[in-house]
Each structure stands twice: as C-alpha cells, then as structure tokens.
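A short worksheet on the structure shown next.
The values are calculated or read from the model by the stated rules, or taken from the named source; none is laboratory data. Since the structure is predicted, the reported quantities are computational estimates derived from the model, not experimental observations. Here the Cβ positions follow ideal geometry from the backbone for every residue, glycine too, while neighbour counts run over all protein chains shown. Each accessible area value is taken on the protein alone, full model and side chains, heavy atoms only, with ligands, DNA and RNA left out. Shrake-Rupley method; radii C 1.70, N 1.55, O 1.52, S 1.80 Å.
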Number of protein chains: 2
Amino acid sequence: MVDAAVRPSTTPDPRESATAPRIDVARLNDALMGTWGDVRRQAREMIKDSAFWRKDELGKDDHRERVLSQLHLLVDNKAVHRAFPKRFGGEENNGGNIAGFEELVAADPSLQIKSGVQWGLFGSAILQLGTKEHHDKWLPGVMDLSIPGAFAMTEIGHGSDVAAVGTTATYDPETEEFIIHTPFRGAVKEYLGNAALHGIAATVFAQLITNGVNHGVHCFYVPLRGEDGVDLPGIGREDDGLKGGLNGIDNGRLSFDQVRIPRTNLLNRYGDVAPDGTYSSAIDSPGRRFFTMLGTLVQGRVSLDGAASWASALGLHIAITYATQRRQFDGADGQEVVLMDYGKHQRRLLPRLATTYAQIFAHDEFLQKFDGVFSGRTDTPDDREDLETLAAALKPLSTWHALDTLQEAREACGGAGFMFENRLVGLRADLDIYVTFEGDNNVLLQLVGKRLLTDYAKQFQGKDAAALARYAVGMTAGKLFHGAGLRQLGQAVTDFGQVARSVERGLREEQQHDLLAGRVQQMVADIATRLRAAGKDKVLGARLFNENQAELIEAARAHGELLQWEAFTDAVHAMDDAETKKAPVLEKTLKRQKR
Amino acid sequence: MVDAAVRPSTTPDPRESATAPRIDVARLNDALMGTWGDVRRQAREMIKDSAFWRKDELGKDDHRERVLSQLHLLVDNKAVHRAFPKRFGGEENNGGNIAGFEELVAADPSLQIKSGVQWGLFGSAILQLGTKEHHDKWLPGVMDLSIPGAFAMTEIGHGSDVAAVGTTATYDPETEEFIIHTPFRGAVKEYLGNAALHGIAATVFAQLITNGVNHGVHCFYVPLRGEDGVDLPGIGREDDGLKGGLNGIDNGRLSFDQVRIPRTNLLNRYGDVAPDGTYSSAIDSPGRRFFTMLGTLVQGRVSLDGAASWASALGLHIAITYATQRRQFDGADGQEVVLMDYGKHQRRLLPRLATTYAQIFAHDEFLQKFDGVFSGRTDTPDDREDLETLAAALKPLSTWHALDTLQEAREACGGAGFMFENRLVGLRADLDIYVTFEGDNNVLLQLVGKRLLTDYAKQFQGKDAAALARYAVGMTAGKLFHGAGLRQLGQAVTDFGQVARSVERGLREEQQHDLLAGRVQQMVADIATRLRAAGKDKVLGARLFNENQAELIEAARAHGELLQWEAFTDAVHAMDDAETKKAPVLEKTLKRQKR
C-alpha cells in the first residue's frame, strides 16, 4: 500500500510538455525500496489484510486488545522473527528484520511500536545483553508471544540521563538472589509499553550493587506475573492512561518492592556476579560498559528513521493525490484550477517529497551499515561509534520531518485532512512521540555535535604550543574576517545564485557539496573557537558550552542534512536510466529543499 | 487559570543577579489582559468549575453530549449574550463578547468552538444578515439554546471559494416560497457543527435564483426538525465521525432535497425578494454584496486570533513550569541541572513566549478596532476593509504559532508532554483545524498580499506614461543593484549586528522598525515589478501571479510580523513601570523572535 506512496500517476498529464522526462516509475520505486525491497513488499502484502488495520473508532481499551491480537497475527505470519538466531527459527537477518518492522507503521503505528517493544526492545535486551542460558530459556517464549514483556529502562526521574536511574539490584550472597527495588517515587519505571496490562515479565535496568559497590546500570530479567496470571509479590503497576497517540499500546509504570530474582537472571554478557558476589566484566569503565550495552539497542533508532520516512511518504501520497484532483477558484480559462497547479501548493508539497526521497535513500545506507555491524561483517568499535552517530544524526531529522510533512499534508487537504478516516491526523498524533522517545532529538543531535567537535579537535592533536598559537592567531583573523564579512557570505550566496542557475541545466555537485560541507565546518569551527576561550577553567567551559548548545545542535542538524544530500546524490548516480534521473524531484532537490 | 499562564514565578530565584529588573507581575498581567480584562477574569473564574472541563477519557459520543450540556451552563451563567441586542437581554458589547468567548479555549476548545457555532456563526448570521422580524422570531431561541443551529456555508466542493457554492434557493412566486436544493454531491454542506445531531435549524448559504436570474449567494433560515424532533422532509444529515480534534462537536453534512421555506426566511438585510419575485439590493455588484455579507461575520477570525494566542500562553505556562522544576544530567557543581538553565531550552521557550506576548498585545488592538466597527463608532467602508485585512494578517500568524508552540512545549516536556492529562497534546490536536477553518491561513495571507500590492500600486495612480517609464527604468536599475547586490543585504545585516548590540542596552526602535518595514516594502516591490512584465496580457499575468504566489504569502507574513512588532512596542511604551519594562522577554523580543 505505501508502495504507491512515491509513485506518481502513470496517466500522462496533457499539461506536461513534450520534453518532460519520461520517468520509469517501477525503476524509481525499486531504488526507493532499497536493499531489502523484497521484505518490504512482503510486509506490504501482509498488511493488505484488514485485520492489521487500525480501527479509528475504538476506544483505548479496545484498541489495546486489538493490537495485542495483531501481534499474535504477526507471529502466525512469521513476520517478526528475522533477527533472531537460526536455532530458534529465526534468520539472523538484521537489516531485513528492521525493514519489515518499519512497514508496520502504515497499518497502525501502535502495532509497529508494540511489536518494537516486544521483539525489538524486550527481546533484543535478552538476545543482546543475555547469554546462551537466557536465550534458551526465554527467547522461544518471546518470539511466540507466550512471554509478552516490558523494557523497563526509563524512570519518572530519568529519561535522557538513563545512567542515573534510581532502581537498585542489590546482590544477596546468602540466597544467591538480586533484590530489585524502587527506593523512591522518581525511580518508578515509566512510559513502558506492555507494563499497564499485557507484560508478564520485564527487562529491568538497575544499579547493580554487590559487596557494597555500585557497578553501574545492568539489565535483569524480572518475572512480573505468576502462572496464575496474578502479579507477583512486590510488583506495582500503574496505567499511563490516555496519550496523545499510540493508544493501542498499554504504556504504564512498574515499581519493585524488594523483589527477589535468581542471580542468573542478570543478563550477563557485559558484566557478571559470581555466587559469592564478586563482580567481573571485560570492560573496566562503568561508563563505557553501560554505553556498550546501550549500543546493542541502537536498532530502535534505526527503525524509527525508516518508519518516519515512510510515514512521510504515505502522508505526501495522500496530499498529492488530493491536490491532483481537488479544484478551487476559477483560472484564467474559466475552469476551476486543480490545487497542484498553484505555485504555493507546489512549494508546500514538492520540496517535502524531495526531502523524503533523500531520507529514504539515506536510511537504506544507514540500514546497510547497521546490518554490517550486527551481522559481524564490519563490527569494530569505530563501526559501532559511526553507527551510533549516524543514528543520532538521522533519526531526529526524519522524525521531525515526518511531523512537519504530515501537518503540511493535513493543511493542504483542508477540512478533509482533519477527518480521521483520511489518516493524516492519526498518523501525526501517533508519530509525535517519535521525536522524543528512543533518545530525545535534541539530546541526540547534541551527541552528534560533540562528535563533530571531537573530530575537529583531532586536527590539532600532537601539535606543539607554537602551532596552536599560530592556529589561534589564524582563527582570530578568520573570526574578524567572518565578523566584518557578511560580505563574504554575500559573495558566497551571489556565487550560489550562479550555481542555482546551473542546477537548472544539471547537477553541479561539487559546488553544492562544498557549500553544504563548508557550512558544517564553519559552524563547528566557530563553536570550537568560542569554547577554546575557557582554557582549563571547567566552570567557564561548562558555561560556554551551554551558551553554544543551541548552535551546536544546529551544526549537527546541518551535518545530518549533508549526509542526506550525499545519499541522495549517490542514489541519483546509481539510477541507470537517463530520463528518470531527470525527474524534477530528483534533479532540483537541493534548490527546493533549501527554499 | 490561564491568567497565570504568563506569570513568572514570584519566588525570588537565588541565581538571579541583584541587578535583574524587579518585575511588577500584576501590572504586566493587567497589560496582557488588555481592554476587556474584567470580562476575561470573569470567564476564567467561571471555568474554574470542573463542570466546564474537558473529560479526556470520554469517547466522541459522550464528549458531544457533555459539551452540549456545557452550552446550557453557559446560558445559565449569562456568559454568551454580550453581543446581542439589549432588547433581548444582551449588552451590545462586541469586544467584551469576543474576549469572554476566547477564554473558553482553556476549558475545552470543543466548548469554545461549539459556542462559536451557536452564537458566533448561526446566531450572528441571523443578527447581522437578518432584519427585525428575524431577530424577534429567532434570536431569543438562539440565545437560550432552545434553537441549536448550524451555520451551513462550506460545501464538499467549495470551502475557500464560497462564492461558488452549488446549493440553490429558487424562488417560487406561486407559493411565495424558496426551494432550497442540493443539486449534486459536491454541493452538500460539509463540516458543520451542530449538523450531525443537535441542530434543529440552519442558516444556509445558497445561490438565490428568482425569475431565472442568479443574484449570487444569500443566507436563508432553514428549519431542520419539526416539533416532534424528527427531521423535516427533504433534509439529509450525515455524521463526519471522528476528527483529529474538537470531537466534542457534532460536525456533519446537510443536504436539501427541494426543501420549501417561506419567502420571509431569506435573511434580507443586504438583498430582498418581493412577493412577485422582484429582486432588490442596495449593493449592485453581486460580488461586493456577498463580501459585504461575509464581512459581517469577521468576528470568527477575530476570536480565533485571541483564543490561539491564549492557548499558546497556556502551553508555555505548562512547559515553563515543568522546565523550572525538572532536572536532568549533572552540572559542573555535581547537582542535576534544571532544564530551564540549558541554553537550548531557553531558546526553545523564551522566544515563543515573547512572540506570544506580541500576539496578545496585537490582538487587543485588533479587538478594539473590531469593537469600534461593530459598535458603529468607527464604521466606514475603509474601517471594514482594514479590519478584514487585519484579521487576514493576524489569524494565520497566531494560529500557526499556537501549533508550533504547543508542539515545542510538548517536546520540551518529553514523555510527560505526551500524556493526555498534561493537556498539551489535546490542545494541539484541537487547535490544528484553527489554521484552515474560518479562512485557510494561506488563502487569508494571499488576501493580505493582494492588498499590499494594491496599496503599492496606488503610489503610481494618476502618474502619466513618462513617469511610469521613469519608474520602470528606476526599477530595472534597482533590480540590477539588488541582483548583484547581496552585498547590499550583507551591509544591512552587518549594520543590524550593531543594532542588535545596542538592543542589549535598550530598544533602538527606529532601526528595528526600519528593518521590518523595509523588508515588507522590498518584498512587495520585487513582486510588483515581476508582475508588471505581464502588461495587459491576462494569461501571462495569471501565470506570473501564480509563480509569485508563495513569495506574496511570505510578504504578507512579514507584514503581519511588523504589525505584531508595532503592537508589542506600543505596549512596552505604555508600561509605566521602568523596571518591568526591562523584563528580558519584553526588551529583547525582536532579537529572539528572529533567531
């Protein structure tokens, strides 16, 4: 169904000039479907069954039950096991798994995200952070949904700063058990899918304390309900109630009052506790250990980037279809004018379509990178770091773009856009939370910005004091020039005017790339120079960093746009059909994107 | 309740420097409450009663019934009669009526808009377009809600271009009746509040045809239900079902199958039909006649401007309160940092607060203008035109600002912002439609743009051909200079850098005003010059206009921002407390607004 989202009408438009390029729609569509196009097509075929569709009139409670039943349907369709080990019936196909999962957004984002909770978060925590014994014991039940589970990381008091969660897991060598405990209200686990109703177990992140030492946050498998379906002693549940969207998911809170679990329920891939309470880990630094664990869960961000991009495509498909049929106000010829012929309407929709193309192409590269790391083919610490930086750069841009695009699509359809049955408002409401969950967008972009600053600083590593002094002088001169020199910017933009004109005749990649890359470099260099003023004064350093925080986030956004531009350009090159390559939405992207 | 939306904490913040201005919160609040502050306070007091609150868990059907019962409560509280004639118990207080009505948005936007349908649209159509007989017959029932009614203007096929509606009202001199008829599906009345369930009558806009001549769109009072509560013969109703928001309102469709109404049900203030079918009107041009009728209904746009501005204030109140309490990540001192201390967080919220102040001040001036016109004190055709242009400039900016602000506030509260009980997502969903109803924002801004072009052209009226030729030469030179001269822009911005620095020390109004006004002038002049190329070629003219449509809308937006800036500056001047005047959110607005 979304397949068609990017497919222009195949009916020839009589208004088109004879010289307009003939677009090979099937070939363009293949390019957009990307590396795992077969899995995407399979998923789209599956969700043609109305059993997977959202029923808009359902209240929260009925919607939740419907989505749970749809999860069972996914199991029946073998649609959610691709990432799991072959010995449990999986395919160990990480990229394909994410591609298929993303497509569920078109059926109902609640279905997508509840699947993500079960198999992407709860299941992945066991798979990625646990070891063979855990896999044998729980993965079959996770996969067939006989163990619905919650992923209990976020707390009321800590969302972005999850290293600071308050839940404790204190080891008791007497009984060889961990005692999971919520010491204060702010440490209650919050916003967890499957927590309000359906979860019978949870992967709980807690401060591991043994022999009086806190070894930082680790993940534990905690049963919530007994065989009788009743919550186990010490387990507290609360329902989050109505949300702005995703009301097919039973989000809620979990608390633990001295809940005892066996020592072996620690998911011990990155750190373990011996029966006597001795802690061991291959990673010495608690901070690095925790971020290594978190890194194994990056797939959530990967999948949101793809799902958001395809949701944008779906929204544009709806709005552009409407715009090519709806007419309003008489034109010069006395006929009512089709909306798509209005200059403003084109400017509202087409640049967003071009950006969506760019994001879809960028996402496919991202997914290839992810697949390389998680299959082990290209899995070095550098690869992992690059993957996380890529996730932190792309997920914010595509999720914000989805909200912006769905809103513009809604407005472009007027009152019809506001009717729930036309899907735009529901999609937007559901996707709203994508911009702050699995990493708040601004916090993620700040991570990217810090990486950009680090890379920038590496240029000066090993330089002696004299070189640094020369650099400082150069920067001052540069800064003066820059400060006085909006003329310089003016000149650049004037030059760009000529570039823009040449864009009409064909892509002038070099200039475009230079401008976009130069923008990122200049932004980072300016910030680095301002931060340098702090020297070794940590308090001043923190203040200066804070003063430059908004600019750093903008630099990261510019970096993400550059990545998208590069992926887009690569995709145009890969297009082996000369006519299709000239499709306006491909050829003129940069110009329109930056309107 | 919203009263507090703009009230900073009165607890002294120890981090504040001793030189920070002491803000007289009560005085600032009075300034924001504006001319009809007493009515606003009265309304806010009334909606402290939880009977007026939204119950989030209610499904659509229960929500609709609750809002209907709340409308009866408003009647009991004498809260909705201020604009009606004194002889029916009203106050003929147009400004106060709108002010009080706007405040309902804080209780539940569905309550605000359903009230608006009943008393602001349906009731106003009878009041403004009808004459004494109509007033005597129906206004008492409209006011006490014994006649709930729909305002039937928009059709499936025509929303923005309402002059082209398809519904017909054909006069039959035999029976002295009009026959109201829906000739095709696209002419079905659509999106009407009170149409699905509660309306027992409607003011219907239809093409008035008598003696075979179409005299254009007029408004008719059409009963929908008989005494028995059953729909009258020929009346068709459909339910619009679930919407993206405002689900407390029973929007629906109305169709008419040869429905006969008495001749005297024509609301005949601007045009009448004699028993023999002779048409008469004091306004000859059907176009001008229709727009005169529409003009009497401008108050919808007026009230949306105010309601959207106060909804922004409410959203910011919630987000800023959260930001001053929520902490995340350790700071330099080892304490967790309060969100409001992050540079990025300040940049997210404070410029939007300043813009909201500007919109509230601009709205009060707008409301004074509206009150002057509708009270008859300052009611000339020019006043009416100015009022409509003002409405078309301000309503788009404040309604879009509300969506942007409520979304940013939601994101700034993270997951908590997504919980329905914290109000941000519900407010945003309800206000979504404000940007396209009562005039689509882009269509309204285009009206403003056309007015700007007309005013610009007036400069050259009466000039002879030689003067025009000189002008054309000058423009070409100017254009060349402008084209080559992003240097000129660079210079202006460099100068602005100095202005910005002086802003730190105090407002430099002249430069700010010159920059903002110059921006509008330059944009309009550029567009006018490009349009001039068409000469008398109408087809080329239409094409050029369309090519410049997006820029014209941007020029109108710039004009609206200038109006807001002026209102804001006037308000700062009117502040007679020197310390309060220095409140950063007042003093530094321009700088922050244009980040």
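For chain B, the longest principal axis of the Cα atoms and the long axis of helix B:37-46 meet at an angle of about 70 degrees.
Please compute the contact order of the stretch B:82-147 in relative form: average sequence separation of alpha-carbon pairs under 8 Å and at least six residues apart, divided by the residue count, as a percent. Intermediate values should be presented prior to the final figure.
On the way: 49 pairs, mean separation 13.2, N = 66.
Answer for the stretch B:82-147 is 20 percent.
Taking every DSSP bridge with both residues inside the protein assembly as shown, close to 80 percent are antiparallel.
How large is the helix-only mean residue ellipticity at 222 nm for chain A, computed as the sum of -39500 (n - 2.57) over DSSP H runs with n ≥ 4, divided by its residue count, in deg cm²/dmol to the nearest 500? List each step's numbers first, then the result.
Numbers: 21 runs with 309 residues, N = 595.
Calculated from helices alone, the mean residue ellipticity at 222 nm is -17000 deg cm²/dmol.
The other copies place their A:G535 label points at 7.2 nm from this one, listed shortest first, where each point is 7 Å from Cα along Cα→Cβ.
Mind checking the angle between helix A:94-103 and chain A's longest principal axis? C-alpha axes, 0 to 90 degrees, to the nearest 10. Its long axis makes an angle of about 70 degrees.
Taking the highest mean first, how do the peptides B:373-382, B:236-245, A:363-372 order by number of other beta carbon atoms within 10 angstrom per residue?
On the way: B:373-382: 13.3, B:236-245: 17.5, A:363-372: 21.3.
Going by the mean number of other Cβ atoms within 10 Å, highest first, we get A:363-372, B:236-245, B:373-382.
Can you pull the Rg over Rh of chain A, Cα-only, Kirkwood? Provide the component values of the computation, followed by the final result.
Details: Rg = 26.0 Å, Rh = 26.1 Å.
Ratio of gyration radius to Kirkwood radius: 1.00.
Take the alpha carbon atoms of the stretch A:65-100, find their center, do the same for the stretch A:399-467, and report the distance between the two centers in whole angstrom. One Cα centre to the other: 28 Å.
Go through A:W119, A:W53, A:W400 and list them by solvent-accessible area, largest first, probe radius 1.4 Å. It would help to have the intermediate numbers written out before the result.
On the way: A:W119 15, A:W53 115, A:W400 50 Å².
Result, largest first: A:W53, A:W400, A:W119.
Residue by residue, the stretch A:194-211 carries 3J(HN,Hα) couplings of 6, 7, 5, 9, 8, x, 10, 8, 8, 9, 10, 8, 8, 5, 7, 10, 9, 6 Hz when phi is fed to the Karplus relation 6.51 cos²θ - 1.76 cosθ + 1.60 (θ = phi - 60°); x denotes Gly or Pro. Over all directions, the projected convex hull of the C-alpha atoms in the protein assembly as shown averages 49.6 nm² in area. Measuring r between the beta carbons of A:E547 and B:F184 and using R0 = 56 Å, the FRET efficiency lands at 0.35.
Probe radius 1.4 Å, ligands and nucleic acids ignored: give me the carbon and sulfur share of the accessible area of the protein assembly as shown as a rounded percent. Could you put the intermediate results ahead of the total?
Details: 26160 of 48800 Å².
Carbon and sulfur together cover 54 percent of it.
Mean per-residue shielding of peptide A:409-421 is 6, counting Cβ atoms of other chains within 10 Å of each Cβ.
Computed from Cα atoms, the angle from the helix A:286-295 axis to the main principal axis of chain A rounds to 60 degrees.
The distance between label points at A:K48 and B:K538 comes to 5.0 nm (points 7 Å beyond Cα on the Cα→Cβ vector). Computed with every protein chain present, the accessible area of B:K78 is close to 150 Å² [probe 1.4 Å]. Across the options A:F205, A:G236, A:S160, the greatest Cα extent toward the positive end of the charge dipole of the stretch A:149-286 (unit charges at beta carbon of Lys, Arg, Asp, Glu) belongs to A:S160.
Each label point was placed 7 Å from the Cα along the Cα-to-Cβ direction; for A:Y456 and A:E385 their separation is 1.8 nm. Against the empirical curve 2.2 N^0.38 Å, the C-alpha radius of gyration of the stretch B:50-120 lands at a ratio of 1.13.
Report the charge-dipole magnitude of chain A in Debye, nearest 20, computed about the Cα centre from +1 at each Lys and Arg Cβ and -1 at each Asp and Glu Cβ. Let's see the in-between values first.
Values: 69 positive and 81 negative charges, 356 e Å.
Result for chain A is approximately 1700 debye, rounded to the nearest 20.
B:W36 sits among other residues whose Cβ lies under 11 Å from its own Cβ, and their net charge, with Lys and Arg +1 and Asp and Glu -1, is -2.
Around A:D379, what is the net charge, scoring Lys/Arg as +1 and Asp/Glu as -1 over all other residues with Cβ under 15 Å from its Cβ? Around A:D379, the surrounding residues sum to -3.
The phi torsions of the stretch B:228-236, fed into the Karplus equation with coefficients 6.51, -1.76 and 1.60 and a -60° offset, translate into couplings of 7, x, 9, 4, 5, x, x, 8, x Hz, rounded to whole numbers, with Gly and Pro shown as x.
With a 1.4 angstrom probe, the accessible area lost at the A-B interface totals about 5200 Å². Peptide B:237-244 is shielded by partner chain Cβ atoms: per residue, an average of 4 of them sit within 10 Å of its Cβ. Across peptide B:340-350, the mean count of Cβ atoms from other chains lying within 10 Å of each residue's own Cβ comes to 4.
For the stretch A:149-286, count all C-alpha to C-alpha pairs, find those more than 27 Å apart, and express that count as a whole percent of the total. Don't jump to the answer; show the numbers that get you there.
Numbers: 1746 of 9453 pairs.
Cα-Cα pairs in the stretch A:149-286 separated by more than 27 Å: 18 percent.
Here the stretch A:245-275 and the stretch B:297-328 have alpha carbon centers that stand 40 Å from each other.
Structural descriptor for chain B: relative contact order 14 percent, calculated from alpha carbon pairs under 8 angstrom and at least 6 residues apart.
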